[in-house]
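Undergrad: A single structure is presented below for examination.
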Amino acid sequence: AAEEAGEAEAEEVNALCFTAGAAGLLLVLAPASQQVELRWLSVVLGVARRRLRLASADECVDLFGAVPGRVPPVPLRAGVRVLCHPSLGECAELWGSSGDPLHILRVQSPRVALPPLAAAAA
């Protein structure tokens with residue numbers, strides 16, 4: 001039914017930790033099958049591309065509370081802004097890291113739980 005309505009049934013999500021100058025700490029949720037377009041992200045955030053960068057391994061742990069490669073698609077620390085790729089709003093279910101290598105995190109009805117990036121940037 002979800003496929004007939006134009007929705008993907010399930011999508012793997014990458015949660016990527018970024019620092020963005022004055023825009024602060026960002027947890028960017030994107031389909032695992034796609035790369036995050038940094039030029040587009042910098043335009044949406046209104047920050048110079050040179051200010052936007054992936055967090056280092058130490059920053060992931062210290063600032064975001066997660067080990068690189070095991071970042072869950074939810075903020076673990078206060079002050080982390082979450083941005084979601086618009087295509088994820090078309091999925092009936094999202095899944096990604098739980099932070100524990102033995103478990104995954106599944107989220108149903110992401111349109112309720114995760115605002116699209118366009119709305120977050122407004």
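Undergrad: List the residue pairs whose Cβ atoms are under 7 Å apart, where the first residue sits in the range 71-83 and is open to solvent by 50 Å² or more (accessible area, probe 1.4 Å), the second is not in a strand (DSSP E or B), and the two are 6 or more positions apart or on different chains.
TA: Partner pairs satisfying both residue conditions: 76/64; 76/65; 76/66; 77/63; 77/64; 77/65; 79/24; 81/24.
Undergrad: Moving on to the next point. Mind counting the residues in the range 34-64 that are open to solvent by less than 30 Å² (accessible area, probe 1.4 Å) and over 15 Å from the mean Cα position of the chain (by Cα)?
TA: Adding up the residues that qualify gives 1.
Undergrad: For residue 96, indicate whether it is at pLDDT 90 or above and in a loop (DSSP other than H, G, I, E, B).
TA: no
Undergrad: Which ones in the range 84-102 are open to solvent by 70 Å² or more (accessible area, probe 1.4 Å) and of a type outside the set (A, V, I, L, M)?
TA: Answer for the range 84-102, where residues must be open to solvent by 70 Å² or more (accessible area, probe 1.4 Å) and of a type outside the set (A, V, I, L, M): 90, 95, 101.
Undergrad: List the pairs whose first member sits in the range 99-114 and is in a loop (DSSP other than H, G, I, E, B) and at pLDDT below 85, whose second member is open to solvent by less than 70 Å² (accessible area, probe 1.4 Å) and acidic (Asp, Glu), and whose Cβ atoms are under 9 Å apart, counting only residues at least 6 apart or on separate chains?
TA: 109/93
The values are calculated or read from the model by the stated rules, or taken from the named source; none is laboratory data. Predicted model, so just to flag it, every value in this text is computed and none were measured. Cβ coordinates were reconstructed from backbone atoms using ideal geometry, including for glycine residues, and neighbour counts include every protein chain displayed. These area figures cover heavy atoms from the full protein model, side chains too; ligands, DNA and RNA do not enter into them. Shrake-Rupley method; radii C 1.70, N 1.55, O 1.52, S 1.80 Å.
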